[in-house]
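Notes follow the structure.
The values are calculated or read from the model by the stated rules, or taken from the named source; none is laboratory data. Here the structure is a predicted model, which means the values were calculated and not measured. All Cβ positions, even for glycine, are placed from backbone atoms using ideal geometry, and neighbour counts span all protein chains on display. The accessibility values were calculated without ligands, DNA or RNA, using every heavy atom of the protein model including side chains. Shrake-Rupley method; radii C 1.70, N 1.55, O 1.52, S 1.80 Å.
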Amino acid sequence: MDLVLRNAAVMGSGAEGPREVGVSNGVIVEIAPKIAAAGGEDLDLGGRLLTSGLVESHIHLDKSRIIERCAPEAGRNAANAVKRVQDAKRHFTVEDVYTRAKTTLEAAILQGTTRMRTHVEVDPSGGLVGLEAIEALVRDYRWAIDLEICVFLQEGMTGMTGAEGMLIQAIERGGRITAVGGAPGYDRDHMKQIARVFELARAHDLDVDLHLDFGNTPEAMDIHGVIELTERHHYGGRVNVGHVTKLSTLPPEQQAPIARRLAGAGVAVTVLPATDLFLMGRDQTYDIRRGIVDVNAYGRLGVTCSIANNNILNPFTPFGDCSLVRMANLHANALQVSDPDDLRACFEMVTSDAARILNLDDYGLAVGKPADFAVLDARSEAEAVAVVAVVLDAFKRGRRTVTRRPPKLHQPA
Ligand SMILES: [Zn+2]
C-alpha cells in the first residue's frame, strides 16, 4: 500500500470505533479496524475525523477577489452587487481572472476541498475571458482538485443582444462544462430564460444549476416553474437551485408542500449563507431577516441540499476564506441548529450531499473509491461544524496535497 491512515474517526461510521484506511494506486483498497504495516506513508490520526474531500457545490472563482476595485456600496438599501461587479468585469483579462481565481482555488484546496463546481459568467460584457482562465485552472490544478464548470449569464438573456449566442458558444467548448446555469431574477422574462436553460441542458446533456428566487418577499417565485419543467422533461436528479431566499420568508406550513414537491421532482437546493446574510433584509434597518432556507428542515422532507461559499471578497460577499466547514457553521449558527444529528447533516451538506448534487458517482469513503481525503481536527462531523475544525491534512488520489500542523501553546516550564 502507498498510504495507510490509522486511528481515524471515519466519516459516517458513527460509534463504530476507530478505523484504518489503506490506499494503493490512488484508490481506497481497505477499511478495517487494523491494517498490517505497509511500505508507504503511515499516518496516525489520533482519533481525528477522516472525511472524503470537501465538495464546493457553488462558487464563483472568476469574480472572486475584486472587492478593492469595485465602487463602494451606494447605501444600505442599494447594495447593487451585480452593477458593481459588471463595472469591474469590463477590465477583466484572462491573466487577471487566472491570477485571482488561482488564489481562491488554492485557499479552497488548503481547506480540504477536492471537488468543486464553479459558476462562470459568459455575458457579452466579459465574453469568454473568465471561461478561458478557468479552463486553464482545471488543467493546472488537477493534481489537487476536480474542478467542473457551470456556464451562465448573470446579466440577463432575453432581449440582451448576443447573450444567448455567447452562452451557446461557451457550452460548445465542452471540456469540463457539466452544467448550464442562469440568473433569471436579472432577466426581463424569468420563465423564458429558465425554459431556454432547460432546452440547452437537454440538448447538450448537462445539469441545470440556477440562481433562483433571491429576494426579500415571497412574491413572484420561479421555483414552481422549475419544478414543472423538471417533471415535464424527466430531469430529476439533474436540477439544482441556489439561494431561494424567498422561500425562507414563508411560514413553515407553506414551505413544507413546496419542499415535498422539490423532493418528488428531484430538484436539489443549495444555500449560500454568507451571501444571503450579507444581502438580505437591506430594506430593514433593525430586526433584520436572515433570508436563509432551513436546509435541515428541507432535508427531513427528502430534499437533497448543500451548503456552499458562493462568493469570496466581492460585492456579493466581501468576506471568505473558502472554508466549507465555516459555511456549515455559519448556517447552523444563523438557523439556531444545535442538535448533533442536525450538525452532522450540515457536515454532509458540504461533503456527501454536495457530491450527490454534482452527480459524483466516484465519491465516498469506501473501497474502490478515489483516495480523496481531508483530516479535520475534530472527533466527529458534529464537532467539526461546531468548532469550525481546521483541516490538518488533505490527499488527492492518495497523494498528499496539504499539511497543516495544529497550533501549539508554548507554556513555560
Ligand atoms: Zn452564485
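Quick check: from the Cα gyration tensor, does region 304-369 come out rounded (a/c under 1.5), prolate or oblate?
oblate
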(request) Would you mind checking the tilt of helix 252-265 against the longest principal axis of the Cα atoms of the chain, expressed as 0 to 90 degrees and rounded to 10? (result) 80 degrees
(request) Provide the packing ranking of 331-339, 206-214, 32-40, i.e. peptides ordered by the mean count of other C-beta atoms within 10 Å per residue, highest first. (result) 206-214, 331-339, 32-40
(message) Taking R0 as 45 Å, what FRET efficiency do you get between Ile288 and Ala413 from their Cβ-Cβ distance, rounded to the nearest 0.05?
(response) 0.35
(message) How tilted is helix 324-334 with respect to the longest principal axis of the chain? Cα atoms for both, answer in degrees (0 to 90, nearest 10).
(response) 70 degrees
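Apply 1/(1 + (r/R0)^6) to the Cβ-Cβ distance of Ala220 and Glu172, taking R0 = 22 Å, and write down the FRET efficiency to the nearest 0.05.
0.10
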(request) Mind checking the per residue accessible area of region 71-141 for me, 1.4 Å probe, whole number of Å²? (result) 39 Å²
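With a 1.4 Å probe and all protein chains left in place, how much of the accessible area of the chain comes from carbon and sulfur atoms, in whole percent? Before the final figure, lay out the partial values.
Numbers: 8440 of 16690 Å².
Roughly 51 percent of what the probe reaches on the chain is carbon or sulfur.
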(message) Counting only helical runs of four or more DSSP H residues, what would the 222 nm mean residue ellipticity of the chain come to if each run contributes -39,500 (n - 2.57) and the total is spread over all its residues?
(response) -9500 deg cm²/dmol
(request) Any chance you could check the Cα centroid distance between region 353-390 and region 22-54 for me, in angstrom? (result) 14 Å
(request) Grab the beta carbon distance between Val27 and Asn359, set R0 = 25 Å, and tell me the FRET efficiency rounded to 0.05. (result) 0.80
(message) Using the Cα centre of the chain as the reference point, and only Cβ charges (+1 on K/R, -1 on D/E), how large is the resulting charge dipole? Debye, rounded to the nearest 20.
(response) 500 debye
(request) Rounded, prolate or oblate: pick one for region 72-136, where a ≥ b ≥ c are the square roots of the eigenvalues of its C-alpha gyration tensor, a/c under 1.5 means rounded, and failing that, prolate if a/b is larger than b/c, else oblate. (result) oblate
(request) For helix 94-110, report the angle its Cα long axis makes with the longest principal axis of the Cα atoms of the chain; keep it between 0 and 90° and round to the nearest 10°. (result) 40 degrees
